[in-house]
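What follows is a single structure, written as structure tokens, with notes after it.
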Amino acid sequence: MKFKLVRTTKVDQLIKKPNNTKNQAEQTIETLKKNTRNIDDVLFKKIPTDEGIVTVIYSSSLVEKMTLQSMVFIPLANHINQIHQVAEVIDPSDLKDVTAKLDSGQTLLYFHQTNTILTIDTYSAPTRAITSTMTESTVIGPQDAFSESLETNISLVRRRIQNPKLKNEDQTIGTEANIRISIMYMDDTVNKESLDTLKKRINKIDYPSFTDISVLKQLIEDNPLSPFPQYYMSVRPDSISRYLIDGRIVIFMDNSQAAVVCPTSFFEMFISVEDYYNRWTTASLLRMLRFFGFFLTIMITPMYISALTFHPEILPYELLLNLQESRSKVPFPPLFEVLFIELIIEVLREAGSRMPAKVGQTIGIVGGIVIGTAAVEAGLISNILVVLVATSALLSFLPPIFLMSNTSRFIRYFFILSAGLFGLFGQMLAFAWLITHLEGLKSLGTPYLAPFIPRKASDLLDSIIRFPTALLKSKTGISKSQKK
Amino acid sequence: MNRKFKLMFTLFVLLFLVGCSEKEVKVPLEEVGMVGIMAFDYIDEDTTKLTVAIPQYSPEAKRNTQIFSVKTDLVSKGIVKIEKLSDKKVILNQLRVVLINEEYARKGRVEKVIQNLYRDSEVGNKVLIAVVNGNGEELLKGQYLDKPNINFYLNDLLLPSINTAFNPNTNIHDFIYTVTNPVFDPILPIIEKIDDKIEIKGVALFKNKHMIESITPSEALIIQALQGKKKLAPLPLDLNKGNGKEIVMLDLIESKVKIKSNKNHKSPKLNIVLNIKGTLSEYQGKREHELNTPKSIAILEDDINKQLRKDIEEFLKKLKGLKIDPIGLSENFRMYYKGKWNDKLTDATIAKLKVDVHVKTSIISTGTLK
Amino acid sequence: MSTNKQKFLNRYHVIFLVQSAMVGTGILTLPQKLSSVGYSQTLFPILFGVIASLTLLPMIWMNSKYPNENLFRINEILLGKWLGKGVNLFIVLQFLVFSSGIISSYMHLIQSTALPEQTITAPAFFFILLLVYIVRGGIRSVARFCIMTFFITIPMLYFLLWAIEKGEMSHFLPFFNYNGKEFYDAMKKGYLSILGYELIMFYFPNIIDQKKAYKHALIGIWISIVLCLITTAVSVMYFSEWQLKYVEFSVLNLFKAGEFSFIERIDIIGMTLWVFLILSTVTAYLWCAKRGMDSLLSKERKNYIYILALIVFLIIKMPFSQEFQEKLFSASSYVGYVILVWPIFLAIVHLLRKKQVQT
């Protein structure tokens, strides 16, 4: 809930003019009703008060009864001055605007005698409580996560950064559904150029509605065609405030749980905020695991194809004979074998996420075990491949950013196909493509491979190896923060 | 318009390119016969009997290795012939061992065959070569009851097992390197089938591409020691020092060799200092109960030194008689020779070579028993 | 970033552009090219390094006289429009043929090691596609790719470990064991392997810190020289003189010496990973050729790169005999030497003109 305090002196002058005729009042009510026709949750209530009849208009789905009672009805009956203190005056001649006010949860008070309209912000739509996150859970560290309410989210961040330099600029976007967003940054460190670019991009957007911030994210990314996410997304207030302090820009959106951080880099997709809570040794180990896991997951199954179709000599003899034996019953060439089992894994994963939680787990296990073993026994795939595919599927879930893990799964197919074409050579070509693509990408003007194309040597302290916390004071080069 | 044109153009070009690519048939792994061992047996000057061992994976098959034998004059021709016999495509990508029978080694074109394999990029450089005493085909076809797969058996036998067993393993690169290097003469291990076992019998010495002599493992150990190998196989020694029969076994040897030449290939002289550190693992003889003081050990060390020195000198004399240089002693003169070194210079150097051998043995321990 | 739109190559870009353009297929065959001097080739790369540093001087000097122009423009300024354009056309063609030679020799290597029973058409096609993708990003994209290449491929040095273990240090002696003819032969064939630093004349106008460009380019050159030195040294240790002479791709055979417990043949990994080095070299050449096209036709278009790529592809796939191809490629390599001395010629023209203006 939010109350806007308005200076009352002007309001009083406006109200104290009893020059209104009854006709005019009815006319106004009529227009108002016309404007809100077929919006059945808008209610009109006539209430006699000290200052004549007042019509209270509000949207019952956005305003709770309790709020209404305590903020409107009781003051109207008893202390009407209170109303004047909190209310805002709007121009009664412009009634088109009124519906927008109703939609944002404000209550309108029409004073028949004076022909004035006051609004009180009574927005009190039901919101979710602050719960812990399911998608980015950590063992150590704060457990609270953003909810779908913009105010809650901002308050969660403001609680962590109590600094007047922390600014948030609100804006409404969406040509049809008006969605509130808030751009948050630290005034003294943020790069003003990047901020301007971002604002320009947001203002240019011509899109009807935003159901989640990820829609907005895709519209303002530097290269929308790339399979890689170019902005960081998180639902963790601790992670977001870390980035804010570093000088990044954060975008919040009402009705959307996650916040978007920009600019970011490829490498940050493998950073979990928990790394900063762990000992630096553990954190470094985990980071290396995630980072090299990404390259492993796109390389393992293509390797299998290359070795089997093009370079049998690179495998040890014993392993090769085992492979030959398990492959002897398989009717497809290795490429199709791999594609087949990879698709089955995708199906399992996708089906598992759609199924109700109770059924999902059972079906997942049944699917995994039954399909896995049965397919091997039926001679559709070789058992070694099952191990490889399962490993690479697990590895693909290592990145803390889910979008990145989706990306790794997608580009794996690219690698599989190129391995099927030219074996290891194809894989290396694909790898060269990947490198070129990554180095060409930008995140709000910052190179995507930032710490590796060194912009700032101190960035390397917080890259694959996370150095001890005392060394990580300085701002990263990625945010291009202002020099103090 | 421009974009559309570009797109159409690209598609057009791509369409044509499809025609360029021939349909390439990939042979999947399971339809490939990977030759593990090749054996060459001498028939006459032009023809060779080529035998290959290809492992079988099918669990139903009675034998786990297919063995094909053909007569041929060229290696690749032989492979083509074998392909006709086999149900699979025969590839050499996983070749592990090349066997050459002794007669072939003495008379045949070993160097050409190995060079052929060296040139083939599918064949690795780590293929081991060995000389077979007798017939290579028989050795491959033999029944080895406790080692069912000949492919693994031979490979494991010839690969050095962690520095303990004696092993003069020679792979394709080593062979080509020593054959083409004027300061070296190649050596190859000799294996022989004895009942249902295969044994490393000794080492074959080559002179100019042909085998001329075989020596025992203990002599071959001297070659390794003088080549500067840091860890040696256990060394048995007969000491004949007036104390009657004495046998010493040194184990876990670390050796270090220093060779100094007088840098003059016309009157060559070498000063060889061999340092050996090891454990006395076994001793048989009269002094058995005296070997617990440092002094008595020092005497034993001295005896070992003398014996080793004698052995080495005798062996070098033997090499001199054969006019070969498997150790590469002439390298010590090539290093200081301006101009192109060649086989003749090696021969001349070896013939005139004077060697001064010093051995220093130190026994680190005699085991844990007092 | 930088306010000047034309200048965006920082020192790392310069170092690695110079370094990567030098290391391509050349280093693979370097020990074989130098084999006429046998075991004494070890120190040749250092000699090459000295020569390269010296020949770099006139290039930088020439460019610093015209800090905003590349060699193509300088040619036109100094030699007049038509003569300049003629020379430029020649350079563009030379670059195209030279890069085709690099790609073709690498493709044949790949064909014989990693992709037997396959024609090189399709691999070459995809290779060139990737090439275009990189070059389209401009010289900065090429430079970044070079940096990444360096760090991705430098671990390959580890693959030499086995060869070093097996090698004989005594092969280094005696030093300088060759006569004049052998020396000349080795110089002529071997120096080709380190060509590539001359490209700095084409991207010089894009360098931010032009005063230090010579220093940075030197660092790049000497990184490459050290790599060459390691290659020749290890080859000398590991091979016999006969092998040095007859083993064409020495590095390939050096890699063959090693094995991991799970990968038996490192050479295949090494050779396929080499594609990065080839890409980084060829992209640099192709980018320069593209700049040449821009200056020839006096306008800048991104589409030229497709035409150039097509030409390269056609040269590789041209229906001439192997012999003719080889002759063409080796001729183009020797023409590369002309480009090395070209700036000296230009410098003379520059000085003469200056005098004319003064008098």
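The values are calculated or read from the model by the stated rules, or taken from the named source; none is laboratory data. Note that the structure is a prediction, hence the values are computed from the model and not measured. No Cβ is skipped: glycine too gets one built from the backbone with ideal geometry, and neighbour counts run over all protein chains shown. Surface accessibility is based on the protein's heavy atoms, side chains included, excluding ligands, DNA and RNA. Shrake-Rupley method; radii C 1.70, N 1.55, O 1.52, S 1.80 Å.
For q = 0.10, 0.15, 0.18 Å⁻¹, what log10 I(q)/I(0) does segment A:319-470 give under the Debye formula with an equal point scatterer on each alpha carbon and no solvent? Each listed q corresponds, in turn, to -0.52, -0.96, -1.16. For chain B, the relative contact order works out to 12 percent when only alpha carbon pairs closer than 8 Å and six or more residues apart are counted.
Ignoring lysines fewer than eight residues from C:LYS302 along the same chain, the ones with Cα atoms less than 29 angstrom from its Cα are A:LYS200, A:LYS204, A:LYS442, B:LYS4, B:LYS6, C:LYS5, C:LYS7, C:LYS65, C:LYS81, C:LYS85, C:LYS290, C:LYS317.
Restricting to Cα pairs below 8 Å that are 6+ residues apart, what does the relative contact order work out to for segment B:29-215? Please round to a whole percent.
Values: 365 pairs, mean separation 37.2, N = 187.
Result for segment B:29-215 is 20 percent.
The residues C:GLU198, A:GLU88, sorted by heavy-atom accessible surface at 1.4 Å with ligands and nucleic acids left out, run A:GLU88, C:GLU198 from largest to smallest. Residues B:HIS289, A:HIS437, sorted by accessible area with the largest first, give B:HIS289, A:HIS437 [1.4 Å probe; ligands and nucleic acids excluded]. For chain B, modelled as a GNM whose springs connect Cα atoms under 10 angstrom apart, the maximal fluctuation among B:LYS229, B:LYS340, B:LYS81 occurs at B:LYS340. Across chain C, the mean sequence separation of Cα contacts (distance under 8 Å, 6 or more residues apart), normalised by length, yields a relative contact order of 41 percent. Do any trypsin sites (Lys or Arg not before Pro) in segment C:56-146 lie in a DSSP loop with no more than 14 other beta carbon atoms within 10 Å, and if so, which? Those that pass, being in a loop and sparsely packed, number zero.
Would you mind checking B:LYS229/B:LYS323; A:LYS329/B:LYS193; B:LYS197/B:LYS258; B:LYS207/B:LYS263 for any pair whose Cα atoms are more than 29 angstrom apart?
A:LYS329/B:LYS193; B:LYS197/B:LYS258
Highest mobility in the GNM of chain C, judged by mean-square fluctuation with C-alpha springs under 10 Å and restricted to C:PHE202, C:PHE125, C:PHE345, is found for C:PHE345. Using only Cα coordinates, the Kirkwood hydrodynamic radius of segment B:135-281 works out to 17.7 Å. Once backbone amide H atoms are built at 1.01 Å from N, A:ILE249 has A:CYS262 as its partners under 5 Å, excluding neighbours fewer than 5 places away on the same chain.
3J(HN,Hα) couplings calculated from phi for segment C:259-274 with the Karplus curve 6.51 cos²θ - 1.76 cosθ + 1.60 (θ = phi - 60°) are, in sequence order, 7, 9, 5, 9, 10, 7, 10, 6, 4, 5, 4, x, 5, 6, 5, 4 Hz; Gly and Pro show x.
Kirkwood hydrodynamic radius of chain C, from the reciprocal of the average inverse Cα-Cα distance over all distinct pairs: 21.1 Å.
Specify the inter-centroid distance of segment B:265-327 and segment C:10-37, based on alpha-carbon positions, in whole Å. The two parts, judged by their Cα centres, are 50 Å apart.
Comparing Cα centroids, segment A:393-461 and segment A:303-362 end up 22 angstrom apart. Rolling a 1.4 Å probe over the protein chains gives A:SER326 an accessible area of about 20 Å².
The label point for B:ASP156 and the one for C:LYS354, both projected 7 Å from the Cα toward the Cβ, are 7.8 nm apart. Three principal axis extents describe the C-alpha atoms of chain B; from largest down they are 97, 58, 52 Å. Solvent-accessible area of B:GLU31, all protein chains in place: 100 Å² (probe radius 1.4 Å, heavy atoms, ligands and nucleic acids excluded). For B:ASP356, the accessible surface of its heavy atoms amounts to roughly 60 Å² (probe 1.4 Å, protein chains only, rounded to the nearest 10).
Derived scalar couplings between HN and Hα for segment A:142-157 equal x, 9, 6, 10, 5, 10, 8, 9, 4, 5, 4, 4, 5, 5, 4, 6 Hz in order, rounded to whole Hz, by the Karplus curve 6.51 cos²θ - 1.76 cosθ + 1.60 (θ = phi - 60°), x for Gly and Pro.
Near B:SER214, the amide H atoms lying under 5 Å from its own belong to B:LEU205; only residues 5 or more places off or on other chains count, and H is placed 1.01 Å from N. Annotation: aspartates and glutamates with alpha-carbon distance below 19 angstrom to A:LYS34 (same-chain offsets under eight excluded): A:GLU26, A:ASP91, A:ASP94, A:ASP97, A:ASP103.
Excluding A:SER132 itself, calculate the net charge of residues whose Cβ lies under 13 Å from the Cβ of A:SER132, where each Lys or Arg counts +1 and each Asp or Glu counts -1. Its environment carries a net charge of -1. Shown here for segment A:207-288: trypsin sites (Lys or Arg not before Pro) in loop regions (DSSP other than H, G, I, E, B) with at most 12 other Cβ atoms within 10 Å, namely A:ARG279. Taken over the Cα atoms of the protein assembly as shown, the convex hull encloses 269 Å³ per residue. Each residue of segment B:241-370 gets 117 Å³ once the volume of the Cα convex hull is shared out per residue.
Inter-label distance, A:GLN482 to A:GLN24: 5.0 nm, where each label sits 7 Å from its Cα along the C-beta direction. When the Gaussian network model of chain C links Cα atoms closer than 10 Å, the mean-square fluctuations of C:LEU346, C:LEU199, C:LEU218 top out at C:LEU346.
What is the packing order of peptides B:182-188, C:8-14, taking the mean over residues of other C-beta atoms within 10 Å and listing the highest first?
Working: B:182-188: 24.7, C:8-14: 20.7.
Per-residue Cβ counts within 10 Å, averaged per peptide and sorted highest first, yield B:182-188, C:8-14.
For A:THR114, no residue whose modelled amide H falls within less than 5 Å of its own remains once neighbours fewer than 5 places apart on the same chain are excluded.
Separation of segment A:194-248 and segment C:88-167, taken as the distance between their Cα centroids, equals 37 angstrom. When the helices of the protein assembly as shown are scored as -39500 (n - 2.57) per DSSP H run of n ≥ 4 and the total is divided over every residue, the value at 222 nm lands at -15500 deg cm²/dmol. Per-residue Karplus couplings for segment C:292-308, computed as 6.51 cos²θ - 1.76 cosθ + 1.60 with θ equal to phi - 60°, are listed in order as x, 4, 4, 6, 5, 8, 6, 8, 9, 9, 6, 5, 4, 4, 5, 5, 4 Hz, Gly and Pro entered as x.
Could you work out how much longer the chain between B:ASN342 and B:PHE9 gets when fully extended? Use 0.36 nm per residue separation minus the Cα distance between them, nm to one decimal. Numbers along the way, then the final one.
On the way: separation 333, 0.36 × 333 = 119.88 nm, distance 6.22 nm.
Fully extending the segment from B:ASN342 to B:PHE9 adds 113.7 nm.
Using a 1.4 Å probe and counting only protein heavy atoms, arrange C:PHE183, B:PHE5, B:PHE315, B:PHE68 so the residue with the most accessible area comes first. Intermediate values should be presented prior to the final figure.
Values: C:PHE183 70, B:PHE5 125, B:PHE315 5, B:PHE68 25 Å².
Sorted by accessible area, descending: B:PHE5, C:PHE183, B:PHE68, B:PHE315.
The shape of chain A can be summarised by an equivalent ellipsoid whose semi-axes, obtained from the alpha carbon gyration tensor, come to 57, 27, 19 Å from longest to shortest.
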